[in-house]
Every structure is written in C-alpha cells, then in structure tokens.
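Colleague: Dropping a structure here in structure tokens format, bear with me for questions.
Just so you know, all these numbers are worked out from the coordinates, no wet-lab data involved. Remember, predicted model here, so these are calculated numbers, not experimental data. Ideal geometry is used to build each Cβ from the backbone, glycine not excepted, and the neighbour counts take in all protein chains shown.
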Amino acid sequence: MKGSHRARIFCTLIFAALVCVVASEVIAVPTFARRYSTSCATCHQAYPRLNAVGESFRLMGYRFVDDENYRKQQPVELGDEAYKRLWPKALWPTDIPRNSPLSFLGRFMVETDLDGSRPATFTFLLPEEVELVWAGNVGHNISFYGDVIFLQKDFGGEEPDSWATLKAWLQFQSLFGGDNKFNLRFGSVGTQTMGLFTARDANFYGTHFYLYTSWFMPPVNLEQAGLAGFKGNNFSIGPQMGIELNGVGKRWFYAVGVANGNLQVPAGTPPPSDVSFMGMGSGSDSKDFYTQLAYKIGGMPWDRSGEEADESLTTGAQFWRDDSWIFSLYGYSGTATIEAGYLDGTETEEEDNFWRLGLGVQKQIKDFSFSAAYMAGSNDNPYGSLSDASVDSTTYHLEVLAFAYPWLMPYGRFEGLKLDMPEDVPGLNPNRDMERILIGAKFMIRPNVFCVVETAHYTEGAELEEGFDKTLFVLLAASF
C-alpha cells in the first residue's frame, strides 16, 4: 500500500511537470532562460554552480541591472503605475510573471561497486531525483522560490527508499528604502545561507554534498543500549523553517536568521511520512540562530555597481572566469531536545546546547578555483541521560576545480570529520573520525544537460560508510 502511494506521488509530479512545460508554450528553458531568452551559461559556470553574473542575479533578488532592458517576457501588470501616487487610497501596483515560472529537473544515477562491499555490483537510481522548481519576482521588491523534490536514495547500497520534500520562501527586497541592503525572508530559510558562502551544497559540482553540511550526531543502537526509543540531536547544516534578514553591497554580503530548530529527522534520511517539508522541526520555546558573512576582493561586484547597461547581461567566451578572493564566516547556535525511553517505561528529556563556527576562503584565478574551509563545533549534552559528556567536532576540506574546456571540468576534494566522542554510551561506536578524497569530472553535454563521473576513497573511517568507499558514481542530469 505504501509503495503504491509513493508511485502515485511520482506520477503526479511527472504529470504536473509535463502540464507546466506544455502550458508555457515556449521552447527555451528553464524559467530564467525563458524570461531573458539567454543561455544557462549566462549565469552558471556549470549548472548548478553560479558564475559571477549568476551570483549577482541571485543576490539582487533574481534581477539584473537595468532588468527591464533584458526581459524578453514582459510581466502581467496588476494595477497601473499611477496608483503609487494615490496610495494609501489605492492598492500599490505590482506584476506577476506572464508565463508559469516553473522548471523541471531530473537526476539519474548509476552506482558501481569497485571493492565488493555492496550487496549488488550495480545500483540503478533511475531517477534519483525529480524536481519541480518555481522562482521569480512579484514586482520590483518581492522575490520567491519553491520546489517539490521526489527522491530515491540507497544510502550506500542499501535497499532504496523514496519520499518527497517541499520547501518555499518569500522575500521582501530593499526595506527602509535601501538598495538590497535589508531584505526580509520568510519560509524555508538557508537554501543558500546555511553554511559557508564559499562552500554551499546549492553551488557544488559533484554527486556528494560537502561533508561539513551532511554529518549529524551518530545515533545509538537501541538494543545494545537497552532502550525502547531514543531521539538525539538531528542537526545538520541545511535549510530550515524560519525568518532571515540579509543584504548585499558592492563587496559584502550578510545574512542573520532565526530557525525553528529541533529537527524531527536528520537531513537526507527518510521522513516518517511520504511527503514532508524540508527542515521541519518539533515545537519548542527555544529557537536557533545563525549568521553568514562574506567579503569579496577583486572580480565583479556583487551589486553590479559601476556597470554600463549594455554590459549587464553577457556570457562571453570565458563566462566562468572571475579572478577574485572571497572570504566567508558562518555561525550557528541552537538547542535540541534529547529524549530517551527505557525498557522499564522510564522516559527522560534533556537539552543539548550546541554551536558551530566556520571559516572559508575561495580563490578564482583564470581557469582554476581553489577553496578551503574549517569548522569547529561543540555539543554540551548530545546523549542526554546516557552520558554527561560533551562532544567537540571539527570538519575541514580543500577543493580544486578546473576548466579544461568550457564543457569539461575535472575536480577533487579532500575532506575530514573529527569527533571527540564519549566512551561510556552503550550501543555507540566512539571511533567516528573519517577522511575521504573525492575525484571526478563534469561534462556539459548541453548548457542544461550534464554528466558527472565521481569516485570516493576513504583514507580513514571507510568502515563507517563502506557503501560509499571505492564506489563509482555516474550521474546524468537535465533541466527544462
């Protein structure tokens, strides 16, 4: 019954995508390419990674400098411009996209076991993800984003599971008369601002998210611990429900936010229901707080200041280049409820106060991009009544990307996680350190179709994720 329900969800998503594509009566895709009748290479080094033009477009609320000069699809006006002079005795006018602001994305994965650690040599996740995305503007000062994603994951060669997630936000731009200095966002915050500006999962090349954003506190084995149930701290760096204030200038960007926190399930794991909102947290009086700061030296200004109108929208022969330094800072402080249920019926509930603080740097020079990141953290009581020991954490990575051709990008990343785990928790392996090397290449078959070939090799902790170690991942993705 559960499998048939999931099949209906998948069919519904596919049908909705086809309806939206047909209804739009256009050929160029996705939605921003349709709006400006331009290539994906205008805003992307290699989809989904943004280039300097795309980064500015995103930070400025999905608008270019002199945006009206470049739009090929004019919006539908909701009220005459003259109504502004009549306000408050008239509704303030705005506009909405003329055609459906929807895009369709699909990811198809084949995984090949290279060392015999998986139960099957080949794993087909066809598709791995099917995604509907809507993004755009409502007038000059409101932007929006949302997506519905159907996922099929095997978690390192295990039996595949599938579910659907949703997230959405609405942002009011340029509050207090400023030029994008104060923007207020409501909804699924953190798609681009949870984590380091220089190392975002929304801006990566390969098949694996960054380790520093994807790890969470290791769970206990209920049987070995003699427990009927245990809910630990499920925090990982990713989108959550909340409110965010952000702003951008010529060389700086900031974001500060409050999130619901106390996540119900760890990110990337199957939720209890077939459809759920990403980053959903349990109700709690305490809220979590985060901040992201970034500063850029050289290259294109983030606010596109000082540019002439006819230079605002151009791909050029080397659209990926932007010789610059970007420095970033990220901080998070939160509280999670730790619940333990014992076999004798006793239940305990305690709080785990935790924090993360990270530094990152990215250097782009001609056809190369180098980045490094370091993040420290601490949880004061992650295992509640099972142990009074705290857990300190450290994550780090080094990454290099190169453009051999406009359509071929080899890359490599070395990353590690160190956890100072307690040794007195029954049912918990205290040795959780790991280091891994990811090597791959991205092939742009078309501006909106790409293939990634990647392999992972663990220099430490391979037994913790043996289904990922020495596995070849081949990903084919397309957006329409």
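Colleague: Return the distance in nm (one decimal) between the two label points of a simple spin-label model at E347 and A202, each offset 7 Å from Cα along Cα→Cβ.
Modeller: Between E347 and A202, the label points sit 3.7 nm apart.
Colleague: Would you work out the relative contact order for the chain, in percent, from Cα pairs under 8 angstrom that are 6 or more residues apart? Mind showing how you got there, number by number?
Modeller: On the way: 1182 pairs, mean separation 68.2, N = 480.
Relative contact order here is 14 percent.
Colleague: Taking 30 Å as R0, compute the FRET efficiency from the Cβ-Cβ separation of F186 and R71 and round it to 0.05.
Modeller: Taking R0 as 30 Å, the efficiency between F186 and R71 is 0.70.
Colleague: Could you give the length gained by full extension between L398 and T269, i.e. 0.36 nm per residue of separation minus their alpha carbon distance, to one decimal place? Mind showing how you got there, number by number?
Modeller: On the way: separation 129, 0.36 × 129 = 46.44 nm, distance 2.62 nm.
Value of the extension gain: 43.8 nm.
Colleague: A follow-up question, please. How high is the relative contact order of region 388-480? Use alpha-carbon pairs under 8 Å, at least six apart in sequence, and give a whole percent. Display every interim value, and only then the final one.
Modeller: On the way: 187 pairs, mean separation 20.2, N = 93.
The normalised contact order for region 388-480 reaches 22 percent.
Colleague: Can you tell me how much longer the chain between D323 and K250 gets when fully stretched, taken as 0.36 nm per residue apart minus their C-alpha distance, in nm with one decimal? Please report the intermediate quantities before stating the final value.
Modeller: Numbers: separation 73, 0.36 × 73 = 26.28 nm, distance 1.57 nm.
Roughly 24.7 nm would be gained on extension.
Colleague: A follow-up question, please. Spelling out what I want: for every residue of region 421-429, take phi, set θ = phi - 60°, compute 6.51 cos²θ - 1.76 cosθ + 1.60 (Karplus), and round to whole Hz; glycine and proline get x.
Modeller: Along region 421-429, the couplings run 7, x, 9, 9, 9, x, x, 10, 7 Hz.
Colleague: So if each residue of separation counts as 0.36 nm, and I subtract the Cα-Cα distance between I297 and L126, what length gain in nm does that give? Mind dumping the intermediate values first?
Modeller: Details: separation 171, 0.36 × 171 = 61.56 nm, distance 4.23 nm.
Going from the current span to full extension adds 57.3 nm.
Colleague: Ok, one more. How far is it, in nm, from the label point at H140 to the one at A389 when both lie 7 Å from their Cα along the line to the Cβ?
Modeller: 6.0
Colleague: Can you give the calculated 222 nm mean residue ellipticity of the chain, where each DSSP H run of n ≥ 4 adds -39,500 (n - 2.57) and the sum is split over every residue, rounded to the nearest 500 deg cm²/dmol? Mind dumping the intermediate values first?
Modeller: Numbers: 6 runs with 49 residues, N = 480.
Rounded to the nearest 500, it is -3000 deg cm²/dmol.
Colleague: Continuing with the same structure: Cβ neighbours within 10 Å, averaged per peptide: list 247-254, 364-371, 327-334 in order, most packed at the top.
Modeller: Numbers: 247-254: 18.1, 364-371: 16.6, 327-334: 20.2.
Highest to lowest by the protection proxy: 327-334, 247-254, 364-371.
Colleague: Suppose every Lys and Arg Cβ carries +1 and every Asp and Glu Cβ carries -1, with no other charges. What dipole size does region 2-479 come out with about its Cα centre, to the nearest 20 debye? Provide the component values of the computation, followed by the final result.
Modeller: Working: 38 positive and 58 negative charges, 457 e Å.
Dipole of region 2-479, to the nearest 20 debye: 2200 debye.
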